[in-house]
Amino acid sequence: MTNQITSMPATALLELAASYRQEIDGSRAEQRRTEKEAMRRGAVECAEEFVLRHFPDTLAKLFSDVSWQGYPDGGPQGSRFLASAVAALGEGLFLHYTRRKTYAEGYMDGSQDVLTLIRSCPCGNYPHTEVSDDYGLALALEEMQKSGYCRGACTPDGLRRRGSGNESR
């Protein structure tokens, strides 16, 4: 009896192998897309829940006006942060939500919710402050109002742009 593999033309074998690989690669790509979309949705849901729970007197009251955009965990293996969500509040203000991995004795032992208030600055940087509740948000917003223009505080001395008005005098 003749072995079917040895009697099969090489071109047919190559076509079958290529077809199989294309099918598997497509399946894996679809699985990655599905996983990333689930991460995005999960990040948005966690951000919404965190805001409702920790910011009932400020952000939660504006919640219907805030639209979150989810992002999958795209960091390198071992990244401290998980999937995240961002909401544009207008006037150069943004919220960034993520979960930070926590470690004990060198091993990951959980995660912690992190909400960061970010503002755009005329110098091109984005100063940010972590906020954990309504009061902390009120303090951060008040501080941002006081420093509504760039004093160079958001740009490290060695990185200030020449000619931007941020140079030390």
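A short reminder: the numbers here are calculations on the coordinates, not readings from a lab. The structure presented is a predicted model; accordingly, all values stated were derived computationally and were not measured.
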From the phi angles alone, apply the Karplus equation (6.51, -1.76, 1.60; θ = phi - 60°) to the stretch 108-122 and give each ³J(HN,Hα) in whole Hz, x where the residue is Gly or Pro. 5, 10, x, 8, 10, 5, 9, 10, 10, 8, 10, 10, 7, 10, x
Quote to one decimal, in nm, the extra length available between Glu130 and Arg33 on full extension: 0.36 nm per residue of separation minus the C-alpha distance between them. 31.9 nm
Once you keep just the Cα pairs under 8 angstrom separated by 6 or more residues, what percentage relative contact order results for the stretch 36-147? 20 percent
